[in-house]
């Protein structure tokens with residue numbers, strides 16, 4: 001089977017960025033805290049990822065306030081629900097991606113949209129066709145896991161397939177891709193923290209990706225590699241506190 005994503009590795013500077021990302025993750029996941037504290041580490045990553053994803057959707061709150069349970073913003077609450085359910089949904093991701101996307105939107109946008117509009121993509125044949133193509137890509141397992149996650153993320157941002165919470169769904173789908181591929185099988189790398197730390201670049205390169213040009217795709221893939229490296233560094237910081 002032809003790997004439709006393979007040509008993206010030939011774009012300038014992409015392969016070195018992905019190599020750096022893989023090396024950073026490999027090093028982070030060898031942290032000795034995981035021998036005894038994998039559960040607490042995963043819980044902390046989940047919380048911080050949820051707060052970061054909501055912030056990237058312009059719902060910014062102090063992590064301490066979210067941790068204390070005082071933030072009732074439905075977008076933040078949806079992001080927390082998504083983070084909590086993501087490990088289970090990642091198990092189904094490569095078998096039924098459209099169903100998982102519907103579920104992600106349902107739990108992300110609950111309290112934001114009426115119940116009858118949850119989990120339903122917009123009624124646009126172009127969006128439907130591109131979602132089908134994306135689902136085929138996910139099921140096939142095409143490409144390098146980081147590239148595949150980046151394409152899933154970028155395409156969902158570009159499509160705006162749902163009426164609300166598109167960003168939270170896109171970021172969760174990308175993490176599900178990394179988890180289901182085995183690259184980050186325990187979901188310990190908070191890539192969304194990397195996106196947030198480089199938010200202007202995240203926004204700009206996502207728009208560039210949506211153009212479909214080689215330079216736009218290259219910009220997004222390079223950003224994605226950098227965000228993975230930051231995520232690996234932040235996981236190491238979290239794990240260091242658990243020793």
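The values are calculated or read from the model by the stated rules, or taken from the named source; none is laboratory data. Here the structure is a predicted model, which is why all the values come from computation and not from measurement. When we count neighbours, we look across all protein chains shown, and the Cβ atoms used for this are built from the backbone with ideal geometry, even at glycine.
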- Query: If you scan the stretch 58-95, which residues turn out to be within 17 Å of residue 196 (Cβ to Cβ), touching a residue at least 12 places away in the same chain (Cβ under 8 Å), surrounded by fewer than 20 Cβ atoms within 10 Å (Cβ to Cβ) and in contact with a helix residue (DSSP H, G or I) (Cβ under 7 Å, 6 or more places away or on another chain)?
  - Reply: 59, 61, 63, 67
- Within the stretch 106-116, track down each residue that is part of a helix (DSSP H, G or I) and either within 20 Å of the chain's Cα centre (by Cα) or surrounded by 15 or more Cβ atoms within 10 Å (Cβ to Cβ) (or both). 106, 107, 108, 109
- Quick count over the stretch 1-57, residues being under 22 Å from residue 199 (Cα atoms), without any contact (Cβ under 8 Å) to a residue 24 or more places away in the chain and in contact with a helix residue (DSSP H, G or I) (Cβ under 6 Å, 6 or more places away or on another chain), is 0
- Item | Given (1) surrounded by 17 or more Cβ atoms within 10 Å (Cβ to Cβ); (2) at pLDDT 95 or above, number of the condition residue 37 does not satisfy | (2)
- Item | Per-region count, the stretch 196-217, residues part of a helix (DSSP H, G or I) and either touching a strand residue (DSSP E or B) at 6+ places or on another chain (Cβ under 9 Å) or without any contact (Cβ under 8 Å) to a residue 60 or more places away in the chain (or both) | 14
- Matching option when the condition is modelled with pLDDT of 95 or more and surrounded by fewer than 24 Cβ atoms within 10 Å (Cβ to Cβ), among 163, 197: 197
- Query: Only one of these conditions is not met by residue 189: (1) surrounded by fewer than 24 Cβ atoms within 10 Å (Cβ to Cβ); (2) part of a loop (DSSP other than H, G, I, E, B). Which number is it?
  - Reply: (1)
- Just for the stretch 220-238: of the residues that are free of Cβ contacts under 8 Å to residues at least 40 places away in the same chain and within 17 Å of the chain's Cα centre (by Cα), which one is surrounded by the most Cβ atoms within 10 Å (Cβ to Cβ)? 227
